[in-house]
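Just so it is clear, none of the values below were taken in a lab; they were calculated from the coordinates. Note that the structure is predicted; figures quoted are calculated from it, not measured. Every residue, glycine as well, gets a Cβ built from its backbone with ideal geometry; the counts of neighbours run over all protein chains shown.
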Amino acid sequence: MKLIASDLDGTLLNEDGIVSEENASAIRKALSQGIEFVVATGRSYDAASKPLQEAGITCPVISLNGAIAYTENKMELRSVPLDHGVSKKILEVCKAADMYMEFFTNEGIYSVSREYFLEVLIDIMKSANPQISDEEVREKAELRFQLEPVHFIENYEEIFKKKDIIIYKVLAFSLKQEKLKEVHAKMETEKDIKITSSGDINLEFNHPEAQKGIALKAFAESKGIGMADVMAIGDNWNDESMLKMAGRGVAMANAVPGIKELCGYQTKTNMEHGVAYAIEEMLSELSLKN
């Protein structure tokens with residue numbers, strides 16, 4: 001293996017959004033042996049960079065599911081935005097289903113209501129952690145504003161009136177599974193859209209060329225590395241393309257069942273330093289071959 005690509009949420013990051021010292025140490029060990037490391041995430045570059053910097057990791061970042069890729073110095077390598085007409089259709093269908101949306105653009109994230117935003121986050125956290133108090137949930141939800149600032153506007157249509165706006169990804173949430181399925185069914189035949197998901201209650205809309213696997217392949221080729229020599233680690237459906245294209249696809253123990261089925265390898269959970277375990281296992285195999 002010559003290149004390691006890791007997802008962030010549910011993979012490299014634990015449930016507190018932190019890169020553990022075990023994971024950071026394993027990454028440094030791989031780097032010291034001449035193996036490249038890149039993060040491939042649904043997050044924006046800024047939101048991805050913060051936990052990496054806190055762990056002392058400097059690396060290239062494939063962000064927004066592959067819509068924009070950056071060097072470790074934040075030089076843009078690749079950019080694949082959504083067409084405005086396509087974005088308007090996504091808006092129309094998701095609004096009709098009463099879904100909460102976020103538009104990821106070259107000017108940051110846009111949404112319509114801070115309180116609605118907080119309510120959605122609180123509902124998400126309460127459904128995942130029913131034992132924690134409302135106050136604790138609200139405090140955690142408020143942290144999102146520190147991690148990734150959101151611009152709140154009166155209505156989504158304002159986005160399209162902004163001069164030189166570039167839309168890279170649309171993220172839509174619903175706690176109702178039937179709504180998610182309904183929107184997915186209506187949009188899946190659109191040739192200019194790729195629909196993925198990073199959780200049970202969201203849909204992520206990108207350009208078909210803005211996929212982690214496609215962006216990872218382009219990055220690997222720029223380094224003279226073939227996909228057979230790439231290890232990819234992930235946990236959810238927005239990781240599918242890179243896990244399938246990599247020579248060594250590794251599913252987290254906390255990955256959704258379908259992701260585990262398509263991977264040849266499985267590691268521990270994100271709370272058990274699964275990335276470190278996967279890296280150490282791979283390095284051990286390499287040393288035995290040598």
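P(r) for the chain, please, calculated from all Cα pair distances in 5 Å bins and given in %.
Going from the shortest bin to the longest, the percentages are 1, 6, 12, 16, 19, 17, 13, 8, 5, 2, 0, 0, 0.
Counting every Cα pair in segment 11-75, what percent are over 17 Å apart?
Summing the P(r) tail past 17 Å for segment 11-75 gives 37 percent.
Of Met187, Leu13, Cys94, which is farthest on the positive side of the dipole of the chain, counting Cα position, with +1 on Lys and Arg Cβ, -1 on Asp and Glu Cβ, and the Cα centre as origin?
Highest projection toward the positive end goes to Met187.
Given +1 on the Cβ of Lys and Arg, -1 on the Cβ of Asp and Glu, and no further charges, what dipole in debye does the chain carry about its Cα centre, rounded to the nearest 20?
In total the dipole reaches around 860 debye.
For the pairs Lys212/Lys244; Lys50/Lys260; Lys212/Lys289; Lys88/Lys169, note any where the Cα-Cα span goes beyond 20 Å.
Violating the 20 Å Cα-Cα cut-off are Lys50/Lys260; Lys212/Lys289.
Treat every Asp and Glu Cβ in segment 84-206 as -1 and every Lys and Arg Cβ as +1, leave all other atoms uncharged, and give the resulting dipole magnitude about the Cα centre to the nearest 20 debye.
Computed about the Cα centre, the dipole is about 460 debye.
Mind computing the radius of gyration and Dmax over the alpha-carbon atoms of segment 132-290? Å is fine for both.
When restricted to Cα atoms, segment 132-290 yields Rg and Dmax of 19.0, 61 Å.
For segment 84-206, what is the relative contact order in percent, using Cα pairs closer than 8 Å and at least 6 residues apart in sequence?
34 percent
With an 8 Å Cα cut-off and a minimum separation of 6 or more residues, compute the relative contact order for the chain in percent.
23 percent
I need the trypsin sites (Lys or Arg not before Pro) found in segment 21-118, filtered to DSSP loop residues with at most 14 other beta carbons within 10 Å of theirs.
For trypsin sites (Lys or Arg not before Pro) across segment 21-118 that sit outside H, G, I, E and B with at most 14 neighbouring Cβ atoms in 10 Å, the list reads Lys74.
For Cys59, Cys94, which order do you get if you count the other beta carbons within 10 Å of each Cβ and list the fewest first?
Cys59, Cys94
Using the alpha carbons of segment 84-206, what is the convex hull volume per residue in cubic angstrom, as a whole number?
Once divided by residue count, the hull of segment 84-206 is 99 Å³.
Report the Cα centroid-to-centroid distance between segment 257-290 and segment 52-121 in angstrom, as an integer.
If you average the Cα positions of each part, the centres end up 29 Å apart.
Residue farthest toward the positive end of the dipole of the chain, with Cβ of Lys/Arg at +1 and Asp/Glu at -1: which of Ser284, Thr269, Pro257?
Positive-most Cα among the choices belongs to Ser284.
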